[in-house]
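J.: Handing you a structure now.
The values are calculated or read from the model by the stated rules, or taken from the named source; none is laboratory data. These figures come from a predicted structure and were not determined experimentally. Here the Cβ positions follow ideal geometry from the backbone for every residue, glycine too, while neighbour counts run over all protein chains shown. For accessibility, only protein heavy atoms count, side chains too; no ligands or nucleic acids. Shrake-Rupley method; radii C 1.70, N 1.55, O 1.52, S 1.80 Å.
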Amino acid sequence: DYIVKPFELEEVRVRVNVHLMAARLLAETRAGFRASFEQAAVGMLHVSLEGIIREANGRAGAMLDMDPGKMRGQHLPAPFTGELGQGLLREVERFRAGDHEPSTNIWECGCGENSRRWCRVTCSFVQIGTNQAPYAAMILEDITAWRQAEDERRQLAAAVEASPDAIAITDGDGHICYVNAAYEKLRAVARAELLGQELPLFRQATHGAEDS
């Protein structure tokens, strides 16, 4: 019969301890990743390359007015409405076809019958090791307030440009930085030539103050 020597038993103990430590470290790492995923300040989705939602965090659910648990297992473009579902599906199909470049897009996502929301979505291809299936990681940021402000700014700019009243905007030194079409017509000078010039009324007001 073979007799196990003490140094062999010690070697076995060391190997077992190493495996236990590695398993514990892996479990802690996974727990840390899970906590970071759930507590992230941005919406996060993990989608398989078959287009099936594997994970969705709480912020994604809050942004889209959906239960994250009900998102899991659904096949894109479901459960999203608007441009979001189709956009996410296109990105997954692109990754599956071999194009693994990350991308950032802005898509509208419907949230109920009377609600519109805009998301900036960053999509990345993720491959962790050779034994795990790759997936698409998607980060969603709610930019609805920014988008609405931009829409209002464009509407205001269009209204100023189309106004029948002559409008000129200057910097703090009275130099023209914008004129609308009516002002250009009134002065009978090309817009490009007016930009950078000192506004006549500003010059008169300045000289008047100096004379007094």
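J.: In this structure, does His100 turn out to be at pLDDT 90 or above, in a strand (DSSP E or B) and surrounded by 10 or more Cβ atoms within 10 Å (Cβ to Cβ)? Before the answer, list the steps.
T.: Details: at pLDDT 90 or above: yes; in a strand (DSSP E or B): no; surrounded by 10 or more Cβ atoms within 10 Å (Cβ to Cβ): yes.
Spelling it out, it is not the case that His100 is at pLDDT 90 or above, in a strand (DSSP E or B) and surrounded by 10 or more Cβ atoms within 10 Å (Cβ to Cβ).
J.: Here's something else I'd like to know. Out of all the residues in segment 42-79, which are assigned to a strand (DSSP E or B) and among the small types (Gly, Ala, Ser)? Let's see the steps before the verdict.
T.: To start, the set of residues in segment 42-79 that are assigned to a strand (DSSP E or B) comprises 43-48, 52-56, 75.
Answer for segment 42-79, where residues must be assigned to a strand (DSSP E or B) and among the small types (Gly, Ala, Ser): Gly43, Ser48, Ala56.
J.: Does Ala27 satisfy being modelled with pLDDT under 60, outside any strand (DSSP E or B) and open to solvent by less than 90 Å² (accessible area, probe 1.4 Å)? Spell out the reasoning first.
T.: Numbers: modelled with pLDDT under 60: yes; outside any strand (DSSP E or B): yes; open to solvent by less than 90 Å² (accessible area, probe 1.4 Å): yes.
Judged against the criteria, Ala27 is a match.
J.: Scan segment 115-133 for residues that are in contact (Cβ under 8 Å) with a residue 12 or more places away in the chain, part of a loop (DSSP other than H, G, I, E, B) and under 24 Å from Ala97 (Cβ atoms) and jot them down.
T.: Passing the criteria: only Ala133.
J.: With the requirement that a residue be open to solvent by less than 10 Å² (accessible area, probe 1.4 Å) and either at pLDDT 95 or above or of a type outside the set (Gly, Ala, Ser) (or both), what does segment 50-68 give you? Write out each step before concluding.
T.: Step one: list which residues in segment 50-68 are open to solvent by less than 10 Å² (accessible area, probe 1.4 Å), which gives 51, 53, 56-57, 60-61, 63-64.
Listed by number, the residues that qualify are Gly51, Ile53, Asn57, Met63, Leu64.
J.: Looking only at segment 80-94, count how many residues are β-branched (Val, Ile, Thr), in a helix (DSSP H, G or I) and open to solvent by 50 Å² or more (accessible area, probe 1.4 Å). So that I can check it myself, show each step before the final result.
T.: First pass over segment 80-94, keeping only residues β-branched (Val, Ile, Thr): 81, 92.
Next, only the ones that are in a helix (DSSP H, G or I) stay: 92.
Going one step further and asking which of them are open to solvent by 50 Å² or more (accessible area, probe 1.4 Å), we end up with none.
Final tally of qualifying residues: 0.
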